[in-house]
Structure formats: structure tokens, C-alpha cells
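Down below is the structure, laid out as C-alpha cells.
The values are calculated or read from the model by the stated rules, or taken from the named source; none is laboratory data. Because the structure is predicted, anything quoted here is derived from the model rather than measured. Using ideal geometry, Cβ is built from the backbone for each residue, glycine included, and neighbour counts are taken over all protein chains shown. The accessibility values were calculated without ligands, DNA or RNA, using every heavy atom of the protein model including side chains. Shrake-Rupley method; radii C 1.70, N 1.55, O 1.52, S 1.80 Å.
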Amino acid sequence: MRKLFWIMLAIISLQACNQNEEVYNIEVNLDGSEGKWVKLMARVERNYVTHDSTFAEAGSSAVLTRGIEGVNTMYLTVDDSEGSIQLLVDNSNYTITGSLDGPEIKTNSKAQNDLNAYNEKLRPITDKMSEMVAVLRKGPDPENPEAFDSMREAYYALYEEQNAIDSVYIAENPASYATVLALRNSFYMLDTDQLEAALNRLDAPLHQMEEYSYMYGKLERMKAVAIGKKYTDFGLETPEGEMLKVSDVHQGNVLLIDFWASWCGPCRQANPEVVEIYNECHEQGFEILGVSLDRDSASWVKAIADDQLTWSHISDLKYWNCEGAVLYGVPAIPHTVLIDRDGIITAKNLHGDELREVIESLL
């Protein structure tokens, strides 16, 4: 009888373990969360949607529990609070304390522990970058604009340092789920061959992640418009409502397709330099076609006028679903594609003196 009791107890325990593995359990006790909704957000086609939510009662932890397939990137948020916590969620147990800005995450999830270690590695850099962003968002001080420029250059230097760390991490950790996120953050800097090699190095279990599928889809589109290939034609409407194609502007000229948007800070900062190059080279047969990822026509038209962008412009006002951006596998903006007189794609994402020199060599 006693033997039967222990056998039944073992079976019940095993069933309990199996049940726990069929759902995630996320226990949340964050500063300022009492009396508010705690939400687990998923990113679907660049939009954030609520995957799970619970109300945080006073005096007790909020618990999110639900079954999920595979490993998924989620974002934990609290209503009426800024910021979120990036999580790699699978059917594991999580305990999250601290704050949205400085969470402490304890878990038995291998994927999340990978991410915790990766974030800790980057923390000295990301903390400095966050401090700088808070200052840079205020804009330059009219009495000391040099300080703003100096901080912006320091920010870019930290960004390059982060990319260097990411490159090493990606190469050394092909089985880490955090590697997929690191690659997702920096793959736009890679050409077709480099991205394909990076994806091929990742272990098979990582291929089920949405970020991997996204990058693989971008890779396939990038191959169709790779350097050395003839450009792919497409047409969208001008601000005046007329249809204009890439081929209408190319016409045997050297052409720069410039993917940008009025809301894109780096795009707007790059525009004065592009204007200067256009004014220098236009009469020799250099054209630019601006392809906007804007959603609002008025903002788009205003930015064209404010930045004195006197070349041709087109858009379908579909944001990241812009037909041209999808066709050319644009992962981030600004994104430029340089086409020679014969219609061959010769370079991408050049800027400054390098862009000027290549354009001059093609004219």
C-alpha cells in the first residue's frame, strides 16, 4: 500500500511538471505597478499588440500565465508608464522585480538567461547611450551648439562600439537566442553575402524565432536587388498625385534612390549633405528619387520644402509597408541605392565624401 502511495505521488508530481511546461508563468512585482494593468505585448508587422494582460492588485504580485509555442520576443509594460522590458518568452517560469528601467529577471528559461547575460554585457554602453539620448532629444543649446555636436559624435562612437561587441557576440554564440536579437539590431549594416553567412551560422532551434524569419525574408528580397544586379522598377505617386516610376527618373542618368521619411531624425540630418551633392552633380547627369516612408502627406510635403529637396519624390504613405521599401528589402532608413547609367546597382548606403567620389566616377 505504501509503495502504491509513492508511485501515485510520483505520477502526480510528474503531471504537475508537465503542466507547468505547457504554459509560461510570469510573476510581476514592479515598482509602481500596483493598481494598474500589466501587459505582455507582441510586435506584429511593426505594431505592438497585447498578447496577455492582468491587473496588479495591491499587496500581491501580478501573474501572467498562458501557453505559447516556441520562443517569442515580448515586451512587458505597465499602463501609464514609460518604457518596457524585452523578454524572450517560452513556457517557463519568470519572476520580475525592480522597475521598468532596471528590472531583475529570474527564470529557468534558457532563452531569457541568454538575453540577461547579453544585456549585462552591453549595460555599460547602453546606460551611457540612454543618458545621452535624454539630452540630445532636447536639441542644441543656441549659446553652445558645439556641445550638442560633440555629444552626438560621442553617441555615434558608442553605437559603433556596441556594433563591434554585437559582431563578436554573434560570431561566438551561434546557439544563443540573444544572438538572433543582436543580429536583428545590426543586420542592416551587412551586405547580402554577410547576412546570409550570419544566418547560416545560427543553430537550427533559433530558426523558429520571428526575427530570424524576418531577416531571412529581407535576405531573399536583398538578393533580387543586390549590388551588380539591374535595378527593379516600381512606381508610386508624387505629392501632386501623379504616378512616377524609377525608370522615368533614371533615363540613362546616374540615380540615387533615397528611402527616407519626415519623422526619421538621421534622414533629416543627412539631407543637407545630399542637397549639396545634388547641386554639385545634377547638371552632369545625376538624379535623386526620394521614396518616403511617411504616413501623413502634409508632414512629407513640409519636410521636402523645409529641407529644400528639389528632386523627384514619391510615396504611397504606407510607412514600413511602402511598396518600394518592401521590394528593395529596406531594413532601416536612411537607406540609399546608387544606380549607374546602365541601370546596374553599384552601391548602397554610401554617404559623405565616399558617396560623392563614387557618383563622380560614374558620371
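On the full set of protein chains, 1.4 Å probe, figure out the accessible area of residue 66 and give it in Å² to the nearest 10.
About 110 Å², rounded to the nearest 10.
Counting only protein chains, not ligands or nucleic acids, how are 263, 320, 311 ordered by accessible area (probe 1.4 Å), most first?
Greatest to least solvent exposure: 263, 320, 311.
Say each of residue 80 and residue 104 gets a label point 7 Å from the Cα, pointing the same way as Cα to Cβ; how far apart are those two points in nm?
So the two model labels end up 2.7 nm from each other.
Just the projected area, averaged over all directions, of the convex hull on the alpha carbon atoms of the chain: how many nm²?
So the mean shadow area of the Cα hull is 23.4 nm².
When each pair of different Cα atoms in segment 192-308 is counted once in the 1/r mean, what is the Kirkwood radius in angstroms, to one decimal?
Answer for segment 192-308: a Kirkwood hydrodynamic radius of 16.9 Å.
To the nearest 10 degrees, how steeply does helix 265-281 sit against the main Cα axis of the chain, on a 0 to 90 scale?
20
Please report the accessible area of residue 193 (heavy atoms, 1.4 Å probe, ligands and nucleic acids excluded) in Å², nearest 10.
The accessible area comes out at roughly 110 Å².
Out of 199, 122, 136, any idea which swings most in a Gaussian network model of the chain, alpha carbons joined below 10 Å?
136
When the accessible area of the chain is split by element with a 1.4 Å probe, what percent falls to carbon and sulfur?
Its accessible area is 50 percent carbon and sulfur atoms.
Within the chain, what percent of beta bridges assigned by DSSP are antiparallel, to the nearest 5?
The antiparallel proportion sits near 70 percent.
Please check: in the Gaussian network model of the chain (C-alpha springs, under 10 Å), which one of 137, 43, 341 has the largest mean-square fluctuation.
137
Taking amide H atoms as placed 1.01 Å from N in the peptide plane, list the residues 5 or more away in sequence, or in a different chain, whose amide H sits under 5 Å from that of residue 93.
Excluding prolines and chain starts, which carry no amide H, the hits are 25, 108, 109.
For the chain, what is the relative contact order in percent, using Cα pairs closer than 8 Å and at least 6 residues apart in sequence?
11
What are the ³J(HN,Hα) values, in whole Hz, obtained from phi via the Karplus relation 6.51 cos²θ - 1.76 cosθ + 1.60 with θ = phi - 60°, for each residue of segment 330-345 in sequence order, with x given for Gly and Pro?
5, x, 6, 10, x, 9, 10, 10, 9, 10, 7, 5, 8, x, 9, 5
Compute the distance in nm between two label points, each set 7 Å from the Cα along the Cα-to-Cβ direction, one at residue 54 and one at residue 194.
4.4
Would you mind calculating the relative contact order of segment 236-361 from Cα pairs under 8 angstrom and at least 6 residues apart, reporting the percent as a whole number?
Values: 193 pairs, mean separation 42.0, N = 126.
Once normalised by length, the contact order is 33 percent.
Over 28 Å between C-alpha atoms is what I'm after, so list which of 245/318; 36/218; 110/318; 245/348; 110/138; 229/318 land there.
Flagged as over cut-off: 36/218; 110/318; 110/138.
Arrange the residues 243, 41, 74 by how much accessible surface each exposes, largest first, with a 1.4 angstrom probe.
The ranking, largest first, comes out as 243, 41, 74.
Quote the Stokes-Einstein diffusion coefficient, in whole µm² s⁻¹, for segment 257-325, based on the Kirkwood radius over alpha carbon pairs, a temperature of 37 °C and a viscosity of 0.692 mPa s.
My calculation gives 269 µm²/s for D.
DSSP loop (so not H, G, I, E, B), at most 15 other Cβ within 10 Å: list which GluC sites (Glu not before Pro) in segment 300-363 pass both filters.
Loop-located and lightly packed - none at all.
Using only Cα atoms, find the angle between the long axis of helix 145-172 and the longest principal axis of the chain, and express it within 0 to 90 degrees, rounded to the nearest 10.
Helix 145-172 and the main axis of the chain meet at about 60 degrees.
Under unit Cβ charges (Lys, Arg +1; Asp, Glu -1), what dipole magnitude, rounded to 20 debye, does the chain have relative to its Cα centre?
Using Cβ point charges on Lys, Arg, Asp and Glu, the chain gives about 1620 debye.
Compute the projected area of the convex hull of the Cα atoms of segment 151-219, averaged over all viewing directions, and report it in nm² to one decimal place.
Averaged projected hull area, Cα only: 4.6 nm².
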